[in-house]
Each structure stands twice: as C-alpha cells, then as structure tokens.
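Peer 1: Okay, here's the structure, questions in a sec.
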Amino acid sequence: MATITELRPRALVRASGGPRYTVALAVDALGTGLLRPFLLLYGVTVLRLSSPVTGIAMTVGIVTGLACMPAVGRWLDRGARSSVVAASMLVRVLGVALLLAAPAGHVWLFATAALFLGVGNQAWPAAHAALVATVAHGRERDAALAAGRALRNAGLGVGALLAAACLAGGTTALRSMAAVTGIAYLVAAALARSVRLHARPAVAAVEDRAVGPTPRMRALLAANVVYAFCLNVPEIALPLVLVTQLHVSAQWSAAVFVANTVLVVTLQVPVTVLLSRFSRRTVLALAGVVLAASYLGFLAVSSPVHGWSAPAVAIVSALCTLGEIVYAGSATALVTALAPAPVLGRALARLQLSTGFGLAVSPAVLTALASRGPAALWGPLAAATLLSAGAVVAEKDRRPRAESEYGENL
C-alpha cells in the first residue's frame, strides 16, 4: 500500500509540473478570481443587460462548454498535455476580448464571450489532471493534484478580494478587471505552453495492452454528479438559508465563503496526504459520509433559536468543507489510477462532464428545494449523498496490472 508520509515542497512543485507551470496556475487563478465571480455584474452593469438574460447567457455558456469535453479527451489521448492546458487558457482570452468589445445591450456578444469562457473553464481541469498524471505517479500524483487545487483556490480568493476592493470604481473598474484578466490568461498560457510536455500514447498503449477494457465507472460518475453539489453549497445554499430563513446579515454568508476558501487552501494537501494510507475509493466514500453528516447538521441548526443559529451554521460549514476537501482529493485521483494511460484523457473528460453537469444543475435544484424549507433541502441532499457513497463502495474496480505491480492502492 503506497502512502506519502511527509510533504516536500520542491518535490511537490516538480510533481505538479515544475516551477513555470506552477506560476502559470497561480497567474491563471488570479485572473479568474478577478472576473468570474463578477461576470453577472459585468453583464448587468457594463453591458446594461437584464439579470435574467445575463444569467441565462451564462448558464448556456457553461452547459455548452461541456460539449467540448469529448474532443478535449481525444486530444489528450493523442498525447497532448501542456498544449491543451494552454489552449484552455487562450480560449478564455477570446472570451474576455469579446466582453471588452461588446457594446451595451448586445446580448449575443456577451453570450459568445460566456461560451468561450465556459469552454476554457470546463477543459482546464481535465487537461491539468492529465498533465500532472504524466509527470507524477502513485500517491505523489494525488498530493500534486491536491496542491494544484489549493493553489488555485488561493489565487481565486486573492483575485476576488482585489476585485471586490476595486468595485467602487463602477463600470470603468469592471472593464479594467476584465482587461487584466485577459492579460493574465495570456501570460499563463504562454508559461504553460513553454513547459512543452507531451505524452507518448504509442508507448503507453504497449505498456497497457494487458490491462483490458477501460473501466466504465458508471456508478462513480453518477455519484460524482451528486458529490459536486457540495462545491456550490457555500455559494448558493448557505446564503439562502442564512439570509432568507434565519434572517441574518449577508456578512455571515461572506464569512462562511472566506472560511471555506481558507480551509481548502490550508488543509487540501495535508488531508490528502493523511488519507493516503487508505484506498482512494474508500476515501471517496468517506467524503460522502462526511458531507451527508454536514447536511444533517445544517438541518439540525436551520431553525432560529436565540440568535445562535447563524454561528452554528458557520461551525457546521467547516464539516461540509472538510467533506469537500476529502472529495476533491480522491475523485480525480481515483479516475487517474483506474484509467489506462491510452484513454486517460477520455476518462478525465467523462469525470469533468459529470462534475460540470452537477455544478450546472445544482443552483436550480438547491434554490428549488430551499424554497420548501430546511427539511426539503438538507434531507434529500443527505440521502442522495449517502446513496452515492454506497454506490462508490459497491462498484468493483478493474485493477490495472501495471498499477498493482507498483503497490498502487485504488
């Protein structure tokens, strides 16, 4: 059973793609944090679009962006790595350029910009995971994937804070932030492309000839749709509960979101390393149990009681964030361990499709359930997550021989 017992920063950077690629990730995340949380505000304030129209355009962009994933998977399986990462960044440069060029009231240019941004945002996770899986192996790869997520969350948080501080500048500030975002994407793409990493699919195909058919992972992918809901709980479900049901200040929502970001940045790598002594499938199931427990905790503290409900929700949110950390540290790692190298790109693309679908439908589902009260929101969410955890455990792995020879623990 392979485990990691200590953190070595230099080795972690090397396993994550090297110093230049690490800088590219940081710059990309910083630029994303400047614009993505305020894209709706950009459409409403700068382009003078209505809120419903802006929201629909953004949703269509995100969902349509998922359609690119099969092509991304095939490109990765031809051996491309750094070029796919760079492309996911460059396509967002086009999206930002269209935002800056769009005149007020022009919804189609905004929708096209949202589409390009959506394509880049959907393609990046699979491309990044494939690049890391090519550089690192075993549990070192898991730690590198966790480090990438921690770095990205840190960049997103810093970018969002900088953007929030600049919002007093009105439309001029929003346009400036969009321009800086475009420059950041361009710089990040150049840095990522300079890594010039390419896999050798022909060699990988020979090495994996005895592996057998690609694991279908149907239960895992279906469960992942439900698991992905946890990523939107701090941004959507908790603000609704705190403001509309507990009638407390919106500052509580902001505090919960900031705490979520800080916990992910500080704990993602240590928790992933700590849990490396267990199989990835067991850890992923554990994530579902922790998340379900947090949802039941939210249910227990969601009724106003002497002004203590808001602090109680904030405390339970830490448990939800822990479940998110355990989930994020095991889901992608499990897929990279299960998939034979020649079809790794397509496997990661399917994982991103399930994640993206979960993220796309969760706002509508969470808001619809929340409108019916705490029991209607947290009860079904806890039950669905527990069922998903059970499905993850019940699904049998088709263990790759090459992995098992090196003591890989799926």
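Peer 1: Between the range 356-400 and the range 288-330, what is the separation of their alpha carbon centroids in Å?
Peer 2: So the separation of the two Cα centres works out to 15 Å.
Peer 1: Would you calculate, for the chain, the mean residue ellipticity at 222 nm contributed by helices, counting each DSSP H stretch of 4 or more residues as -39,500 (n - 2.57) and dividing by all residues, to the nearest 500?
Peer 2: -24500 deg cm²/dmol
Peer 1: If you don't mind, there's one more thing I want to ask. Do you know the relative contact order of the range 284-323, to the nearest whole percent, from alpha carbon pairs under 8 angstrom that are 6+ apart?
Peer 2: Working: 25 pairs, mean separation 22.6, N = 40.
Over the range 284-323, the number comes to 56 percent.
Peer 1: Same structure, new question: What distance in nm separates the simple spin-label points at V44 and T266, each placed 7 Å from Cα in the Cβ direction?
Peer 2: Between V44 and T266, the simple spin-label model gives 3.3 nm.
Peer 1: OK, next. Run the numbers for A383 and A164: contour at 0.36 nm per residue of separation, minus the present Cα-Cα distance, in nm.
Peer 2: Additional length available on full extension: 75.2 nm.
Peer 1: While we're here: Under 8 Å for C-alpha pairs, at least 6 residues apart: give me the relative contact order for the chain, rounded to a whole percent.
Peer 2: 26 percent
Peer 1: Using a probe radius of 1.4 Å on heavy atoms only, what accessible surface per residue do you get for the chain? Whole Å² is fine.
Peer 2: Using a 1.4 Å probe on heavy atoms only, each residue of the chain averages 42 Å².
Peer 1: OK, next. Compute the Cα gyration tensor for the range 103-197, then decide on rounded, prolate or oblate, letting a ≥ b ≥ c be the square roots of its eigenvalues: rounded whenever a/c is under 1.5, prolate when a/b is larger than b/c in the other cases, and oblate in all that remain.
Peer 2: Taking the square roots of the gyration eigenvalues as a ≥ b ≥ c, the range 103-197 is prolate.
Peer 1: So if R0 is 56 Å, what FRET efficiency would R372 and R10 give, r being the distance between their Cβ atoms, rounded to the nearest 0.05?
Peer 2: Working: r = 52 Å, r/R0 = 0.93.
It comes to 0.60.
Peer 1: Can you order the peptides 31-43, 159-171, 267-279 by their average number of other Cβ atoms within 10 Å per residue, highest first?
Peer 2: 31-43, 267-279, 159-171
Peer 1: Next question. What are the DSSP H helices in the chain that stretch 27 Å or more along their long axis, judged by alpha-carbon atoms, and whose average Kyte-Doolittle hydropathy comes to at least -0.5? Mind dumping the intermediate values first?
Peer 2: Numbers: long enough: 82-101 (29 Å, 2.09); 107-135 (42 Å, 1.31); 138-166 (43 Å, 0.46); 170-194 (36 Å, 1.03); 251-274 (33 Å, 1.55); 280-301 (32 Å, 1.59); 309-338 (43 Å, 1.54); 344-370 (38 Å, 1.12); 374-394 (30 Å, 1.50).
Counting only whole DSSP H runs, the qualifying helices are 82-101, 107-135, 138-166, 170-194, 251-274, 280-301, 309-338, 344-370, 374-394.
Peer 1: Is any residue of the range 66-85 close enough, with backbone N under 11 Å, to a label point placed 7 angstrom from the Cα of H198 along the Cα-Cβ axis, and if so, which?
Peer 2: Only 79-83 fall inside the zone, counting backbone N under 11 Å.
Peer 1: Classify the chain: rounded, prolate or oblate, from the alpha-carbon gyration tensor (a ≥ b ≥ c, eigenvalue square roots; a/c under 1.5 rounded; otherwise prolate if a/b is larger than b/c)?
Peer 2: oblate
Peer 1: Still on this structure, please answer the following. Would you mind pulling out the separation of the Cα centroids of the range 247-275 and the range 143-198, in Å?
Peer 2: If we compute the Cα centre of each part, the gap is 20 Å.
Peer 1: With a 1.4 Å probe and all protein chains left in place, how much of the accessible area of the chain comes from carbon and sulfur atoms, in whole percent? Please list the in-between numbers first.
Peer 2: Numbers: 11930 of 17420 Å².
Looking at the chain in its full context, I get 69 percent from C and S.
Peer 1: Hey, another quick one. Quote the charge dipole size of the chain about the Cα centre in Debye, to the nearest 20; the model charges only the Cβ of Lys and Arg (+1) and of Asp and Glu (-1).
Peer 2: The dipole of the chain has a size of about 800 debye.
Peer 1: Looking at L344, A370, T54, which one has the Cα that reaches farthest to the positive end of the dipole of the chain (charges on Cβ: Lys, Arg +1; Asp, Glu -1)?
Peer 2: Value computed over the given set: L344.
Peer 1: What's the ranking of 112-123, 376-387 by average number of surrounding C-beta atoms within 10 Å, highest first?
Peer 2: 112-123, 376-387
The values are calculated or read from the model by the stated rules, or taken from the named source; none is laboratory data. Predicted model only: the values in this text are computed from it and were never measured. In this analysis, Cβ positions are derived from the backbone assuming ideal geometry, glycine residues included, and neighbour counts consider all displayed protein chains. To get the accessible areas, we keep the full protein, side chains included, count just its heavy atoms, and leave off ligands, DNA and RNA. Shrake-Rupley method; radii C 1.70, N 1.55, O 1.52, S 1.80 Å.
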